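To start, the structure itself, in structure tokens.
The values are calculated or read from the model by the stated rules, or taken from the named source; none is laboratory data. This structure is a prediction, so every number in the text was calculated from the model and none was measured. Cβ sites come from the backbone with ideal geometry, for glycine too, and all protein chains shown count toward neighbours. Just the protein is used for accessible areas: all its heavy atoms, side chains included, with ligands, DNA and RNA removed. Shrake-Rupley method; radii C 1.70, N 1.55, O 1.52, S 1.80 Å.
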Amino acid sequence: MTSCCSRPETDINLLHDELENLRRENNELKRHVQESREWFIEIFKASPGLIAITRIQDGNILFINQLSADLHGIEREKLIGSSTVKLGLWADPLQRDAVIRKIRDEGKAHNCEVDFVDRDGKIRNILFSANPVTFNGESCLISVAVDISIHKRTVAALRESEERFLLINNTINESREYLNQILNCIGDSIFVKDENHEIVLVNDAYCRFSGQKRDEIIGTNGLEGVPEDVVKTIMDDDERVFETGNEGEEEGVLSDWQGRERNIMTKKSLFTDNNGKKQLILVSRDITEYKKLEAQFLQAQKMEAIGILAGGVAHDFNNLLNVINGYSELALQDLDQGSHIRKNLEQIHYAGERAAALTSQLLAFGRKQILRPKVVDLNRVITQMGSMLRRLIGEDIQFAVRTSRDLGQIHADPVKIQQIIMNLVVNARDAMPRGGELAIKTVNIDFSEEDVKLSSLRKPGPYVMLAISDSGVGMDVETQSHIFEPFFTTKEMGKGTGLGLATVYGIVKQSNGFIWVYSEPGQGTTFKIYFPRLEDDALNAGGKDKEAAVKKGTETILLVEDEEGVRTLASRILSDLGYSVIEAGDGFEALRLTEEYPDEIQLLITDVVMPGMSGSGLVSKLEEIRPGLKTLYISGYTDDAIVHHGIQDSNRAFLEKPFSVYQLTSKVREVLTS
């Protein structure tokens, strides 16, 4: 009985013990849960990411870590239970809706980039990862996000930096290419040497000069084949620039790839980069042609000096010739044809005329003169020059003159015609250093309209042709294309100025003619010059002028000449024709006599160059005393000297010494009746 009564009590005790164990286990579980929750919270707090649990239905926040609260600038406690939509935490609510819809529809985690708004209202780029979960029986999202704004900016900055680098690199490459094009367009040789005197850069001009390719030059000193003494001089000067930094400039003679010696001017400049590395920049210019022009210019200056000297000598010589020729001409007028001394006087007069012609030829060589065209017999000019030309060309050249008997006359300056012939004969002589044949030919020629169509150089009509031919070395087509250019010459240095043919061309053009050249290498050369031929009417008009010019006069003439012999001769010639002549030895005496003379003076004849007062100075003063006074200038100087003394108008009346009786009287009559 006892055992039966005690069993329920035992069961109660066991039940009590089980309940106690359950209580202890529950407490232990709660403690573990609490610890896990605290660990979970600490993990969320310590996480570098933005962590939150939100309800999918309305976006209410069930949990959020402190980092997320700090990002939005809202207290964490205030965020719990609030809606992310209403708080405006997403920069674009439509973006949030799209993300939520995608996660809900697919039922799995989703990663994407989204935009949040921070506490300052700025947009932050967020790498967003969300996973659907059930929390407290509700559909929720647990999201972990990382602020990648700085990363994005860094990447963008890096990308921009890379783009900028590429741009700079492209710009550098373009600049380098642009610089290379500039360097290669420059005609001067440009090259750069390093401190070992090795070339590191060259342009195309240097390659052309050396006849080498660029890769054959780079790494060398560029002085291969140059004499050792020249190499040492160049290297020493390079080293001087390296050491001092002072720019240098040197001139020397170097051979190009064809072996031709060229005058080279090289300028050197030192360049030092930021690292202290030194390079020598050199620019070389071929000045060979410049040196030739310089020599030609010096030669031209010498010719100019000779011309000035000849002009000064000719002035006095022409005064003497004027007296000799004038008085011999007057004496011949007074002698009978049968006088035994007439032939002697004729020879004296002829010699004087030849001397005057020789003076004009010398002046034509040394000075430029204004054209004084006259009716010219080309055959006579050649005949008068015959003996001079034979002496000029030498004995080893056969000289032949073939003139046409019925040759027409031309309107030209006889002195200039002589200059043309002399220049062409000298050129022909120089083209035959071992002798040869030289021929001068004249002939009438008529060009028809059909002839004109064959060449643009001709006009239809009658012409007189002057041809000068030689059997010399001849010229190729390239040389012929340049022969009339000033300073162009094929002669050796010092043998010619290159002005002769240019002068010939200019005179022919001034005389309304034209010139042709025919030549082949080794076959000689022929120059053909065509002058317009005068018609009979023009010749007859000239004859009438001559008859009208010998008329006597009664006018009063003031004659001013510092050379007594010329003054006395001119006074006698004019007095014999009925003119009243007032003589003066200089400008001051002329002014005094003019003031004392009570009657009208119709003409002033004055020398241009006189001591004390020039002819132009006298004219200026007399124009105040005797307005309307006509003037005739006389001088033995060349036209350049006359221009220098104030006679700048070539239309002014001028008579060149030495003058004949006819030339003086006809010119006086011409001025008085003009």
At 7 Å along Cα-to-Cβ for each site, give me the label-to-label distance between Val230 and Gln66 in nm. 8.8
Given a 1.4 Å probe and the protein chains all in place, what does the accessible area of Val619 round to, in Å² to the nearest 10? 10
Kirkwood-Stokes translational diffusion coefficient of segment 377-481, alpha-carbon pairs, 25 °C, 0.890 mPa s, µm²/s: 161
For the cross-link pairs Lys552/Lys630; Lys213/Lys267; Lys374/Lys621, which exceed 27 Å when the distance is taken from alpha carbon to alpha carbon? Lys374/Lys621
Hydrodynamic radius by Kirkwood, which averages 1/r over all alpha carbon pairs of segment 171-215, in angstrom: 11.2
Convex hull of Cα atoms in segment 182-269, direction-averaged projection (nm²): 5.6
Which translational diffusion coefficient, to the nearest whole µm²/s, is obtained for segment 570-625 from the Stokes-Einstein equation, given a Kirkwood hydrodynamic radius over C-alpha pairs, 20 °C and 1.002 mPa s? 178
Would you rank Lys667, Lys213 by solvent-accessible area, highest first, keeping every protein chain in place and using a 1.4 Å probe? Lys213, Lys667
Given C-alpha coordinates of segment 130-278, what is the ratio Rg to Rh with the Kirkwood estimate of Rh? 1.47
May I have the pair-distance distribution P(r) for segment 50-158, computed from all Cα-Cα distances with 5 Å bins from 0 and rounded to whole percent? 2, 12, 23, 27, 19, 10, 4, 2, 0, 0
Protein chains only, probe 1.4 Å: how do His340, His16 rank by accessible area, largest first? His340, His16
Surface accessible to a 1.4 Å probe, Glu589 within the full protein complex, Å²: 60
Entries of Lys268/Lys292; Lys78/Lys122; Lys292/Lys657; Lys292/Lys459 with Cα pairs more than 32 Å apart: Lys292/Lys657; Lys292/Lys459
Kindly write out, for segment 264-272 in residue order, the coupling ³J(HN,Hα) from the Karplus curve 6.51 cos²θ - 1.76 cosθ + 1.60 (θ = phi - 60°), rounded to whole Hz, with x marking Gly and Pro. 10, 10, 10, 10, 10, 9, 8, 10, 10
Charge tally for neighbours of Arg434 with beta carbon under 14 Å away, counting Lys, Arg as +1 and Asp, Glu as -1, is -4
At a 1.4 Å probe radius, which order do His482, His72 fall into by accessible area, largest first? His482, His72
Rounded to the nearest 10 Å², what accessible area does Asp11 show when all protein chains are kept and the probe is 1.4 Å? 80
